[in-house]
Amino acid sequence: MNMDWGPVTIIAAVALGGAIGAVLRYAVGHTVDNTSFPWGTFLVNIIGCTLLAFMTFSLSGMMSDTMRFFIFTGIFGAFTTMSTFTVETVTLFFDGAMGKALGNVCLNAGTCLLGAFAGRYLALLL
């Protein structure tokens, strides 16, 4: 009897990548001062968006499905964070820091988009 290990392999790849991405996110988030502004979340989002775009447009065609799930869904899925960004923005708003809340939205949306464009551009240079 032959068993199809494909789905099990992909789930394991996503889990391992997620563990790596989560540890990296923790490391970045705890190396910066987050007391006055959520810089850790901002950094992981801009780094993640730039690298994800670069790798998508330069390397993904050379990767197996398992490797794509490991890197893109696992590592980058755990490394970047929309949910934390959203909660931090709402917290800033309800703490009366409207300017910081608006700045957080603008910085994350603007620089993450610019990072994705930069990543794609760098991929085209290869």
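The values are calculated or read from the model by the stated rules, or taken from the named source; none is laboratory data. The structure presented is a predicted model; accordingly, all values stated were derived computationally and were not measured. Here the Cβ is made from the backbone with ideal geometry for all residues, glycine too, and neighbour counts use every protein chain on show.
Of everything listed in (1) in a helix (DSSP H, G or I); (2) among the hydroxyl-bearing types (Ser, Thr, Tyr); (3) surrounded by fewer than 18 Cβ atoms within 10 Å (Cβ to Cβ), the single unmet condition for Thr50 is (3).
Can you tell me which residue is surrounded by the most Cβ atoms within 10 Å (Cβ to Cβ) among those in the range 71-124 that are within 20 Å of the chain's Cα centre (by Cα) and aromatic (Phe, Trp, Tyr)? Among those residues, the one meeting the criterion is Phe79. Residue selection: Arg68 fails the criterion of being modelled with pLDDT of 95 or more, in a helix (DSSP H, G or I), surrounded by 13 or more Cβ atoms within 10 Å (Cβ to Cβ) and basic (Lys, Arg). Taking the criterion of being closer than 15 Å to Ser83 by Cα and assigned to a loop (DSSP other than H, G, I, E, B), the only residue of the range 26-42 that qualifies is Pro38. Within the range 16-31, count every residue that is among the hydrophobic types (A, V, I, L, M, F, W, C) and surrounded by 15 or more Cβ atoms within 10 Å (Cβ to Cβ). Final tally of qualifying residues: 4. Scanning the range 71-114 for residues that are in contact with a Cys (Cβ under 8 Å, 6 or more places away or on another chain) and either of a type outside the set (S, T, N, Q) or farther than 29 Å from Ser60 by Cβ (or both) yields Cys112, Leu113.
Can you confirm whether Gly61 is surrounded by 20 or more Cβ atoms within 10 Å (Cβ to Cβ), free of Cβ contacts under 8 Å to residues at least 24 places away in the same chain and out of contact with any Ser or Thr (no Cβ under 7 Å at 6 or more places or on another chain)? Judged against the criteria, Gly61 is not a match.
Pairing residues of the range 98-126 that are closer than 15 Å to Leu43 by Cβ with residues that are in a helix (DSSP H, G or I) and of a type in the set (Asp, Glu), at Cβ distances under 8 Å and at least 6 apart in sequence or on separate chains, gives Asn104/Glu88. Restricting attention to the range 77-97, the residues that are closer than 20 Å to Phe37 by Cα and either touching a residue at least 60 places away in the same chain (Cβ under 8 Å) or not in a helix (DSSP H, G or I) (or both) add up to 5.
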